[in-house]
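So the structure is just underneath, and the comments pick up after that.
The values are calculated or read from the model by the stated rules, or taken from the named source; none is laboratory data. This one's a predicted model, so the numbers in the text were calculated from it and none came from an experiment. Note that we place each Cβ from the backbone using ideal geometry, even for glycine, and neighbour counts take in every protein chain shown.
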Ligand code: ADP
Ligand code: MG
């Protein structure tokens, strides 16, 4: 039962209620009065929706003013039922699901009870209908059915009949009258025709009580309980999510699409793929010129102009000599390189493998390598060699089989000590550690041609030192090449060598233009892509903020059904998980299509597992942002302001 003592409420300095006192218990209670007399304000105070007022208000001895939000939501789910002028139902949801809404906070939904109530109210035939197709009278009965599912001690109805015609008004009042036999029913109404003589009537005028139940015996209601297990289970949260997705599929689809699109835009942003638009140009060049395009040759002497045979050991004619000793060690461990290799030319090569001797046709040039096709480049202390693919072919074995085999390598090397080339013999035993594709690509009369160098043998430093010692070569200037990892690395190493006064050889002009262009576009599109990524997140925030605001009424209906913010947070979570997973699946399924777009727009390919995984993570991350955006909207939802009450 309610006890109200000296309650006053002011809005903007004006009394909406002025020093009201009364008691109210089981049975049918009417609150009447002209529009603006304070009826709705009084209901808000009785139900705990308005806790900021002067005076005291108790329900079963419990101060309504001091109810916590947890207690309130428990009462709204179990003790207080609300019936409104405009029904406050979920319009796109079926009658039965509307009626079951408060039951999502129970372990098990009592469908049987729902059906009994629908039968009692004569709307069981409408159970599967969506509420939006019902008439006003039918809607009001659905609303009453939903509140009866709570098995409430109190039903508070604010102008429940003012949107209804005379006949349905009477039906509704009859239902409320029947309910009031066992419960406290408080009805605010204009229509004094609905009031019978047996009811208690509170008459308000400009916030003052001008008539109240004259010392009537107030029947006590049951005692108050509060059950701590007032919670939303994860199972029920997902069930409610399913209901929401089904009833508002368009809304769900738009927000899911927003998550996916934002995920992909952020993906192209962070992958830096937008800036890599000239990557394709490099790939084309590499296709034409081979991997050797990224080579930097560091040689002790060469002809600076006019000669094409800078690679050849033509020392006397060389007009550039430079000290390259020590540079090999400096670059061998550099992060920008794939590998380094010594460029030592050999004549009269004879190689013995498994007791059989092979003569290798000499080209007289320095060795060259397009790429390793098996094994690794030579290194370490033991004598190691990388042999050309063509040599392995003559052995009649596979590249893999060649690895680990021992070779007896004998050859002649040019010794320039006297200023004239003198061939000196050298011999050693080394292990094959790799096989190289030795194709050389070059341009001739505007056309690309290629040939394979059959005598490209690469030794490690220990082995070469031994052979050069045998050939009595004194100079410690050993020519070598650096294979840069990327064209940008190639240019940076070249610039570095130039700074120390070394002139390296390589196809720098071809690469340099593209590197410079690439740098420029990366800088330009870099900021553009960050902007696109940021805008896409802003878009998601905007969409979820608008969606959340549009759902204010829905959130308010949850709240008056007994959901509090923790329950709504869980529901928000299950909705976001569902949305994010759907967005990720959607991305995966449509990735070939999306790839066409990202390649066309940003020259970025997303069709690899790393990009797709990153995309999935980004969608999840953006869903977290969306989660907090939605959270703001339901935290800020005040049930009384979001739901219209009283007169229209
Ligand atoms: P009734 O339901 O009897 O029509 P209300 O309780 O809604 O009356 O309102 C009583 C008075 O308080 C009215 O003058 C109304 O303008 C004012 N009022 C009600 N709610 C608010 C509010 N949230 N802010 C400012 N004034 C309000
Ligand atoms: Mg009102």
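Below, the figures for the structure above:
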| quantity | calculated |
| --- | --- |
| Residue 63 within 16 Å of ligand 2 (Cβ to nearest atom) and at negative phi | no |
| Every residue from region 360-414 that is farther than 24 Å from residue 451 by Cα, in contact (Cβ under 8 Å) with a residue 60 or more places away in the chain, touching a strand residue (DSSP E or B) at 6+ places or on another chain (Cβ under 6 Å) and assigned to a loop (DSSP other than H, G, I, E, B) | 383 |
| Complete set of residues in region 101-119 that are in a helix (DSSP H, G or I) and either crowded, with 19+ Cβ neighbours inside 10 Å or not assigned by TED's automatic domain parsing to the domain that holds residue 89 (or both) | 101, 102, 103, 104, 105, 114, 117, 118 |
| The lone exception for residue 448 - which of (1) modelled with pLDDT of 90 or more; (2) farther than 19 Å from residue 363 by Cα; (3) in contact with a strand residue (DSSP E or B) (Cβ under 8 Å, 6 or more places away or on another chain) it fails | (1) |
| Residue tally, condition surrounded by fewer than 21 Cβ atoms within 10 Å (Cβ to Cβ) and either away from ligand 1 (no atom under 16 Å from the Cβ) or modelled with pLDDT of 95 or more (or both), over region 139-163 | 1 |
| Subset of region 331-350 that is touching a helix residue (DSSP H, G or I) at 6+ places or on another chain (Cβ under 7 Å) and in a strand (DSSP E or B) - its residue that is surrounded by the most Cβ atoms within 10 Å (Cβ to Cβ) | 340 |
| Hey, residue 61 more than 8 Å from ligand 1 (Cβ to nearest atom), assigned by TED's automatic domain parsing to the domain that holds residue 153 and within 17 Å of residue 153 (Cβ to Cβ) or not | yes |
| Among residues of region 137-172, those that are touching a strand residue (DSSP E or B) at 6+ places or on another chain (Cβ under 6 Å), part of a loop (DSSP other than H, G, I, E, B) and within 16 Å of ligand 2 (Cβ to nearest atom), counted | 2 |
| Residue within region 357-366 that is closer than 21 Å to residue 461 by Cα and surrounded by 14 or more Cβ atoms within 10 Å (Cβ to Cβ) present | yes |
| Region 23-47: number of residues that are surrounded by fewer than 23 Cβ atoms within 10 Å (Cβ to Cβ), assigned to a loop (DSSP other than H, G, I, E, B) and within 16 Å of ligand 1 (Cβ to nearest atom) | 4 |
| Residue within region 1-17 that is away from ligand 2 (no atom under 13 Å from the Cβ), in a loop (DSSP other than H, G, I, E, B) and surrounded by 18 or more Cβ atoms within 10 Å (Cβ to Cβ) present | yes |
| Candidates 437, 425, 455 - the one that is assigned by TED's automatic domain parsing to the domain that holds residue 331 and surrounded by fewer than 18 Cβ atoms within 10 Å (Cβ to Cβ) | 425 |
| Output for region 202-236, where each listed residue is outside any loop (DSSP other than H, G, I, E, B), modelled with pLDDT of 90 or more and crowded, with 18+ Cβ neighbours inside 10 Å | 202, 204, 236 |
| Filter result for residue 569 (assigned to a helix (DSSP H, G or I), in contact (Cβ under 8 Å) with a residue 40 or more places away in the chain, farther than 30 Å from residue 91 by Cβ and assigned by TED's automatic domain parsing to the domain that holds residue 246) | no |
| Residues that are in contact with a strand residue (DSSP E or B) (Cβ under 6 Å, 6 or more places away or on another chain) and within 12 Å of ligand 1 (Cβ to nearest atom), drawn from region 9-19 | 9, 16, 17, 18 |
| The one condition in (1) more than 16 Å from ligand 1 (Cβ to nearest atom); (2) farther than 18 Å from residue 102 by Cβ; (3) touching a helix residue (DSSP H, G or I) at 6+ places or on another chain (Cβ under 7 Å) that residue 181 fails to fulfil | (3) |
| Residue that is nearest to the chain's Cα centre (by Cα) [pool: residues in region 457-498 that are without any contact (Cβ under 8 Å) to a residue 40 or more places away in the chain and closer than 24 Å to residue 291 by Cβ] | 488 |
| Residues located in region 48-58, provided they are within 16 Å of ligand 1 (Cβ to nearest atom), touching a helix residue (DSSP H, G or I) at 6+ places or on another chain (Cβ under 8 Å) and in a strand (DSSP E or B) | 57 |
| Qualifying residue in region 613-620 (condition: under 30 Å from residue 162 (Cβ atoms), in a helix (DSSP H, G or I) and away from ligand 1 (no atom under 16 Å from the Cβ)) | no |
| Subset tally (residues that are under 19 Å from residue 155 (Cα atoms) and within 16 Å of ligand 2 (Cβ to nearest atom)) for region 30-58 | 15 |
